[in-house]
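A.B. asks: Right, I'll just put the structure down here and ask away after.
The values are calculated or read from the model by the stated rules, or taken from the named source; none is laboratory data. Computed from a prediction, not measured in an experiment: that's the story for all the values here. Neighbour counts are summed over all protein chains in view; Cβ atoms, including those assigned to glycine, are modelled from backbone coordinates with ideal geometry. Accessible surface is based on the protein model in full, side chains and every heavy atom, while ligands, DNA and RNA are left aside. Shrake-Rupley method; radii C 1.70, N 1.55, O 1.52, S 1.80 Å.
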Amino acid sequence: MSDYTVELSSNSHQLQTNRFYAAMDKFDWKRKQMVKYQLRNRGIKDKRVLAAMSKVPRHEFVDSSLRDLAYSDSPLPIGHNQTISQPYIVAYMTEAGEISPSDKVLEIGTGCGYQAAVLGEMAKEVYSMEIIPQLAIKARRTLTRLSYQNIQVKTGDGYQGWAENAPYDAIIVTAAPESIPKPLIEQLAINGKMVIPVGKRDQEIFVLTKTHNGMLSEKTIPVRFVPMRTKSLQ
Ligand code: SAH
């Protein structure tokens, strides 16, 4: 091998290394901007939500062709006619869930696993259910690659919840049913919060608190989520 060849290959290695760091910086920068302009400036205050969303690499959860759009102020397609929610909505729902480090959390609608990762940064254990098997498999793979060890994903119908690990300190639902599924109310701990979009086309996020005397319910912002499917619609 001539010196020339050696030099060429080491240069190309250097180039690749530089590209790697440039890519990292680009996404880090975009993520910081997202947190500042889309979350903080719009009123998200919970420091732990802001820290989690400053950390989770949202671009790792979308298709490589959409990576550059991962931090934009919009939902994005994740395949199978489903979408990852806009960053603000993820932050809003997570803040409303009042997640503590000791919490056990149930998420309905794993999708690509991004919301689960944000919850995984903030809670002790996260259980996430997804009705489309291919999405569940892919999300599990992404979460494993990113070393999230406190998140379990299962394929199943979120209307039934995940009774084995109940009660949950918080339940975050990221697909919209027309009414609140009873099993989810049953699986919520006393003082637990459920954050759930409800409605057909025009939906609102409800924040429910379970008390000894029943459920307290607060209707909050209007949203548009994909419908929560029942088995019969599949
Ligand atoms: N939280 C997700 C986005 C969710 S999109 C993320 O961060 O990427 C809504 C998801 O809910 C879709 O993937 C859809 O397949 C799933 N879903 C719809 N109905 C469901 C049901 N009954 N049980 C579980 N998941 C459901």
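A.B. asks: Please enumerate the residues belonging to segment 199-212 that are modelled with pLDDT under 95 and buried (at least 20 other Cβ atoms within 10 Å of the Cβ). Working first, answer last.
C.D. replies: Taking segment 199-212 as the starting set, the residues that turn out to be modelled with pLDDT under 95 are 200-202.
None - no residue of segment 199-212 is modelled with pLDDT under 95 and buried (at least 20 other Cβ atoms within 10 Å of the Cβ), so the list stays empty.
A.B. asks: Then there's this: Considering every residue within segment 62-73, establish whether at least one is within 8 Å of the ligand (Cβ to nearest atom), small (Gly, Ala, Ser), without any contact (Cβ under 8 Å) to a residue 60 or more places away in the chain and part of a loop (DSSP other than H, G, I, E, B).
C.D. replies: At the first step, the residues of segment 62-73 found to be within 8 Å of the ligand (Cβ to nearest atom) are none.
Taking every residue of segment 62-73 in turn, none turns out to be within 8 Å of the ligand (Cβ to nearest atom), small (Gly, Ala, Ser), without any contact (Cβ under 8 Å) to a residue 60 or more places away in the chain and part of a loop (DSSP other than H, G, I, E, B).
A.B. asks: Do you know which residues across segment 181-198 are surrounded by 21 or more Cβ atoms within 10 Å (Cβ to Cβ) and within 14 Å of residue 219 (Cβ to Cβ)?
C.D. replies: 194, 195, 196, 197
A.B. asks: Within segment 213-225, can one find any residue that is of a type in the set (S, T, N, Q), assigned to a loop (DSSP other than H, G, I, E, B) and surrounded by fewer than 16 Cβ atoms within 10 Å (Cβ to Cβ)? Can you show your working first?
C.D. replies: Going through segment 213-225, the residues of a type in the set (S, T, N, Q) turn out to be 213, 217, 220.
Still in the running and assigned to a loop (DSSP other than H, G, I, E, B): 213.
With surrounded by fewer than 16 Cβ atoms within 10 Å (Cβ to Cβ) added as a condition, the list becomes 213.
Yes, segment 213-225 contains at least one residue that is of a type in the set (S, T, N, Q), assigned to a loop (DSSP other than H, G, I, E, B) and surrounded by fewer than 16 Cβ atoms within 10 Å (Cβ to Cβ).
A.B. asks: Continuing with this model, one more query. Take the residues in segment 67-121 that are charged (D, E, K, R) and open to solvent by 20 Å² or more (accessible area, probe 1.4 Å), then tell me which one is farthest from the chain's Cα centre (by Cα).
C.D. replies: Pass one, segment 67-121, residues charged (D, E, K, R): 67-68, 73, 95, 98, 103-104, 107, 121.
Still in the list and also open to solvent by 20 Å² or more (accessible area, probe 1.4 Å): 67-68, 73, 95, 98, 104, 121.
Working: 67: 16, 68: 18, 73: 15, 95: 12, 98: 15, 104: 15, 121: 11 Å.
Applying the filter and picking the extreme gives 68.
A.B. asks: Do you know which residues across segment 125-174 are among the hydroxyl-bearing types (Ser, Thr, Tyr) and either surrounded by 18 or more Cβ atoms within 10 Å (Cβ to Cβ) or within 11 Å of the ligand (Cβ to nearest atom) (or both)?
C.D. replies: As a first pass, look at segment 125-174 and keep what is among the hydroxyl-bearing types (Ser, Thr, Tyr): 127-128, 142, 144, 147-148, 155, 159, 168, 174.
Answer for segment 125-174, where residues must be among the hydroxyl-bearing types (Ser, Thr, Tyr) and either surrounded by 18 or more Cβ atoms within 10 Å (Cβ to Cβ) or within 11 Å of the ligand (Cβ to nearest atom) (or both): 127, 128, 142, 148, 155, 159, 168, 174.
A.B. asks: Here's a follow-up. Would you call residue 202 charged (D, E, K, R) and touching a residue at least 40 places away in the same chain (Cβ under 8 Å)? Before the answer, list the steps.
C.D. replies: Values: charged (D, E, K, R): yes; touching a residue at least 40 places away in the same chain (Cβ under 8 Å): no.
Against the criterion (charged (D, E, K, R) and touching a residue at least 40 places away in the same chain (Cβ under 8 Å)), residue 202 does not qualify.
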